[in-house]
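Student: For reference, the structure I am asking about is given below.
What follows draws every value from the coordinates through simple rules; no lab data is involved. Just so we're clear, the structure is a prediction, and the values are computed from it rather than from any experiment. With ideal geometry, Cβ positions are generated from the backbone for all residues, glycine too; neighbour counts draw on all protein chains shown.
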Amino acid sequence: MSSSARRLPAAALAFALVVGAAVPASAAETADEAAQLAKSAPTVAARSDRVEHYGYGTVPSAQQIAGWSIAVLPDGRGLPPGSGTVDHGADVYAQQCAACHGTFGEGEGRFPKLVSDSKLTGDQPTKTVGNYWPYATTLWDYINRAMPFPAPHSLSADDVYAITAYVLNLANIVPENFVADRESLPKVKMPNRHGFILLDPRPDTADKECMAHCRTPDEVKITSTAEGKDLTPRTAGPLDEMQSP
Amino acid sequence: MELGRRAAGMLLPARDQEATRIVAPNRRSLFKGGLAALGGAMLAPLLARSAQADAASGEFPPGDPDWSQSVGPGVVDRPYGRPSQFVKDVIRRNVPWLTATKESSVSFTPLQHQDGIITANGLFFERYHAGRPTVDPARHRLLIHGMVDRPLLLTMADIRRFPSVSRIHFIECPANGGMEWRAAQLNSLQFTHGMVSCAEWTGVRLSTLLDEVGIKKNARWVLAEGADGAHMDRSLPLEKCLDDCLVVYGQNGEALRPEQGFPLRLIVPGWQGNVNVKWLRRLEIGDQPWFTREETAQYTELMPDGKARAFTWLIYAKSVITFPCPEMPVKGAGVYEIRGFAWSGRGRITHVDVSFDGGINWTRARLQEPVLPKALTRFTAEWRWDGKPALLQSRAVDETGYVQPTIAELRKIRGVNGIYNNNSVQTWQVKADGSVFDVELG
């Protein structure tokens, strides 16, 4: 740990610690910190003075822009009108989601689990909405844009709100009487809200360019081998269909 | 006579050629059998077999194989070409047990068969979040809006009118090697390293498009979004977008393959694969990251203390020996050319060292031109193998001075739950019989 930490510029390390360990007051605050990472203000200012244009393409109408603007920010910008209850969510979830994610979010087969008590420091932790996702707004956004898997972006805003409420309730994050809407979702406190380090701490290794006698022969030990593990699909002949392990 | 035969072949209707390939007499058989008086066409099947027999018995040369004594199919027999029927095993492959569906999954490039820095378009690795969409280019649009002076809606024809550039860059999925964090698991170069490929991309600089719409002063981030069912989206710092990102429609001299985002994708040179959004249809300019599912729940690296690293976009220097490897063993003691690829998302590879003894001693490899920034770079090194067990490794250094780490060093810092950004030194164990295995060293 110490060798890697020494390689980081002191300012970068301090910033990483602030972002990773401190507890920002709001989603907007963290977002501002992340925004600083781009450090692009001077470049942008210079470019906005450019006056020549090619003039290709057309100006989209407000309606065209609104139709495709589906991204939602942690502060709730981008969320549409509408609302959904946990109860209604249970119904929609049973029809649209349970086949893959399980009735209670436990996941069928290799499909993603949505809730888990798994500790993130444990052995092979399961990362789910309940123990990993930092923002409830992201849940709404993802269900809306990409779910249900066979028919993405086909649910009404109310149904997406309802499923969001139901999944948050499954994860014991909101009570049964929770109503999801554009006001309530940004205020939901997700358990892992402050679990992310937003500034890349790499390079975090300090390997050297040693050329000779870099280690003693005794230190060169095979700690694991793929030999004998029945995990590798064949790499000649027809495609493999192996389903183990 | 030779010319006459060829001319006769050319006059045949193309469709009949395969069926009636003209096989010339094998001169030696001809004299031996005393059949010189008979017509060549009648003898064709017999003589073809004879040529094969020569080959099988190790006698040719001096004999000619049948393809040297016949005329093959003519032009446009295959209006769009394909590899020889004899390289049919060289294909993208998947790990069926890895994912719940093939529509949200990955396939791997057969790097063990890649001879240059460019990955053939049909072998470029695939990563889908909602399958491969069939996008009609005539109905495809790119919308650019948000914190801009002039929102813009572009057709493919509009995009092709802008000044164009071509650049060679690799794309690597950050999960490449992700199955190897805990231990050596997959005995295959294709499956341990095949989520990297390299191509020449042609399109328009993203900065050109952003200049065209006019970026407002407080803008800091750009959301790139795909037209696939996942509406795959990632937030990117505006600084990177203005630096070297491209919006491309060309891949190795032809239209983007559907697997790589036809008709339009983003290229973010040197950054992890998924931010190179495919089937690109929307760029929204904003003042903060969106914290999309793909940059929070996914593509974040869980560290031993339970914190997760996010926005770890850069691909750090990495290399791997592609020969020998588990799929390409060696046969007997002697001189071999070690071959491999090195790459870095932070610029050019400056050198690669190889070790035959598990990292005790290292030898400088040769880099083959061209050595391009953020592109696959070929390296070779001579290996005089004495036939005894060996542990082969390669170690890349890029122009920042960064040295590719060992897996032991990475694990010390990042633990084993990170999934992504495993750029560690690969160890291939060569046994005395020449077989090769994926191993990890302590």
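Student: By how many nm would the segment from B:D136 to B:D77 lengthen if fully extended, with 0.36 nm per residue of separation less the alpha-carbon distance?
Tutor: This chain segment gains 18.5 nm when fully extended.
Student: Once amide H atoms are built 1.01 Å from N in the peptide plane, which residues 5 or more positions from B:E327, or in another chain, come under 5 Å H to H?
Tutor: HN-HN under 5 Å from B:E327: B:L189.
Student: Just subtract the alpha-carbon distance of B:W67 and B:R257 from 0.36 nm times their residue separation and send over the number in nm, one decimal.
Tutor: Extending this stretch completely gives an extra 65.1 nm.
Student: Quick query: amide H of B:L283 versus all other amide H atoms, modeled in the peptide plane; which residues come in under 5 Å with a sequence gap of 5 or more or a different chain?
Tutor: B:L143, B:I144, B:H145
Student: With θ taken as phi - 60° and the coefficients 6.51, -1.76 and 1.60, list the Karplus ³J(HN,Hα) couplings across the stretch B:299-308 in order, rounded to whole Hz; mark glycine and proline as x.
Tutor: 6, 10, 10, 6, 9, x, 7, x, 7, 10
Student: Per-residue mean of other chain beta-carbon atoms within 10 angstrom of the beta-carbon, peptide A:67-74?
Tutor: Across the residues of A:67-74, the mean count of other-chain Cβ atoms within 10 Å is 6.
Student: Find, among the trypsin sites (Lys or Arg not before Pro) in the stretch B:356-442, those assigned to loop by DSSP (not H, G, I, E, B) with at most 15 other beta-carbon atoms within 10 angstrom.
Tutor: B:K431
Student: Something else now. Any idea what the alpha-carbon Rg over 2.2 N^0.38 Å comes to for the stretch B:318-439?
Tutor: Rounded to two decimals, the normalised Rg is 1.05.
Student: Sticking with this structure for a sec: Which three semi-axes in whole Å describe the equivalent ellipsoid of the stretch B:92-309, each the square root of 5 times a Cα gyration tensor eigenvalue, listed largest first?
Tutor: Semi-axes from the Cα gyration tensor: 29, 21, 15 Å.
Student: What is the stretch B:57-206 by shape, rounded, prolate or oblate, if you read a ≥ b ≥ c off the alpha carbon gyration tensor as root eigenvalues and call it rounded for a/c under 1.5, prolate for a/b larger than b/c, and oblate otherwise?
Tutor: Numbers: a/c = 2.52, a/b = 1.40, b/c = 1.80.
It comes out oblate by the Cα gyration axes.
Student: In addition: Which net charge results for the neighbourhood of B:P304, defined as the other residues with beta-carbon distances under 15 angstrom from its beta-carbon, given Lys and Arg at +1 and Asp and Glu at -1?
Tutor: +3
Student: Hey, another quick one. What FRET efficiency comes out for the pair B:D149/A:D75, r = Cβ-Cβ distance, R0 = 22 Å, nearest 0.05? Write out the running numbers ahead of the final one.
Tutor: Working: r = 24 Å, r/R0 = 1.08.
Rounded to the nearest 0.05, the efficiency is 0.40.
Student: When Cβ neighbours within 10 Å are restricted to other protein chains, what is their mean count per residue of peptide A:188-200?
Tutor: 4
Student: According to a simple spin-label model (label point 7 Å from Cα along Cα-to-Cβ), what is the distance in nm between B:A100 and B:S166?
Tutor: 4.3 nm
Student: Enumerate the amide H contacts of B:R93 below 5 Å, restricted to partners 5 or more residues apart or on another chain; note that Pro and chain-start residues carry no placed amide H.
Tutor: B:F108
Student: Expected output is a single nm value to one decimal: the length gained when fully extending between A:A236 and A:D123, i.e. 0.36 nm times separation in residues minus the C-alpha distance. What is it?
Tutor: Full extension from A:A236 to A:D123 adds 37.2 nm.
Student: Helix B:2-11 versus the longest principal axis of chain B: what angle, 0 to 90°, nearest 10, using Cα atoms?
Tutor: Its long axis makes an angle of about 60 degrees.
Student: Using a simple spin-label model with points 7 Å from Cα along the Cα→Cβ vector, what separation in nm is obtained for A:D218 and B:T400?
Tutor: 3.7 nm
Student: If each Cα of the stretch B:152-272 is one equal point scatterer, what is log10 of I(q)/I(0) from the Debye formula at q = 0.10, 0.18 Å⁻¹?
Tutor: Per q value, in the given order, log10 I(q)/I(0) is -0.37, -1.03.
Student: What is the calculated FRET efficiency for A:S156 to A:A66, with r their C-beta to C-beta distance and R₀ = 22 Å, to the nearest 0.05? Don't jump to the answer; show the numbers that get you there.
Tutor: Details: r = 16 Å, r/R0 = 0.73.
After rounding, the FRET efficiency stands at 0.85.
Student: Once the Cα gyration tensor of the stretch A:68-187 is found, what semi-axes does its equivalent ellipsoid get, as square roots of 5 times the eigenvalues, in whole Å, sorted largest first?
Tutor: 21, 16, 14
Student: Right, another one. Mind checking the log10 I(q)/I(0) for the stretch B:257-352 at q = 0.19, 0.21, 0.22 Å⁻¹? Debye, one equal scatterer per Cα, no solvent, two decimals.
Tutor: -1.09, -1.16, -1.19
Student: Decide, for chain B, between rounded, prolate and oblate: order the square roots of the alpha carbon gyration tensor eigenvalues as a ≥ b ≥ c, take rounded if a/c falls under 1.5, and otherwise choose prolate if a/b is larger than b/c, else oblate.
Tutor: In terms of gyration-tensor shape, oblate.
Student: Hey, what do the phi angles of the stretch B:410-419 turn into as Karplus ³J(HN,Hα) couplings, whole Hz, using 6.51/-1.76/1.60 and θ = phi - 60°, x for Gly and Pro?
Tutor: 4, 5, 4, 8, 9, x, 10, 9, x, 6
Student: If I take R0 = 51 Å and measure r between the Cβ atoms of B:A408 and A:E176 in this structure, what FRET efficiency does the formula 1/(1 + (r/R0)^6) give, to the nearest 0.05?
Tutor: It comes out at approximately 0.55.
Student: If you don't mind, there's one more thing I want to ask. What are the ³J(HN,Hα) couplings of the stretch A:102-111, residue after residue, when phi is run through the Karplus curve with 6.51, -1.76, 1.60 and θ = phi - 60°? Round to Hz, x for glycine and proline.
Tutor: x, 4, 10, x, 7, x, 9, x, 8, 5
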